[in-house]
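A short reminder: the numbers here are calculations on the coordinates, not readings from a lab. As the structure is a computational prediction, the values presented were derived from the model and not from experiment. Here Cβ is always computed from backbone atoms with ideal geometry, including for glycine, and neighbour counts include all displayed protein chains.
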Amino acid sequence: MSANNFSKAELEKIKKIKIGKWDIISEYHRIDWEEKGHNEEESKIHGTLIAILGYQKRTGQSPHFFDGEARDGEKGKAVKQRGEEKWITSKEFGKVITKIGKKFYDEIFTPALKNLYKEGYSYTEVKKKVNIPSKIGAKVTLDEFIPYLTSKEHNLS
């Protein structure tokens with residue numbers, strides 16, 4: 001989780017990455033589920049599901065979700081969103097990792113959130129700590145995110 005692990009070009013690239021509430025909530029709840037003994041796939045599904053349900057609640061939609069049988073060999077959950085059923089699998093969680101970037105996700109984002117989780121911060125407290133605006137779709141840049149989550153040793157400047 002040190003800036004030494006990143007080239008100058010990587011540092012410039014990741015400083016521009018925008019971290020959204022979706023990213024934070026899905027990763028926080030993935031960590032929570034994993035810490036409670038669930039496997040990686042179930043944890044990813046749970047993190048994604050919680051983010052979707054949070055979005056539904058914020059937009060005034062009635063959250064509907066239910067367990068489903070495996071479809072096409074994939075484990076998941078069915079969620080009704082805007083009148084349509086959506087099948088949530090661990091692949092959905094991969095969109096978070098792809099957007100953030102695997103190296104940043106593995107070496108900074110996840111360890112930082114895991115530290116806050118282990119320190120006893122709730123998801124709501126994490127949002128306050130990173131100072132992310134309360135509006136729907138709010139995002140913070142890496143430059144805004146990192147100072148709240150890491151020590152000087154991990155500074156990317």
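Structure notes:
- Column: log10 I(q)/I(0), Debye, Cα scatterers of region 2-45, q = 0.22, 0.26, 0.31 Å⁻¹: -0.76, -0.80, -0.94
- Cross-link reach is defined here as a Cα-Cα straight distance under 23 Å, omitting same-chain residues fewer than 8 places apart; for Lys15 the lysines meeting it are Lys95, Lys99, Lys102, Lys103, Lys114, Lys127, Lys128, Lys129, Lys135, Lys139, Lys152.
- Surrounding net charge for Gly101, when Lys and Arg each add one and Asp and Glu each subtract one, Cβ distance under 12 Å: +3
- Pairwise centroid distance, computed over Cα atoms, of region 17-33 with region 117-135, Å: 10
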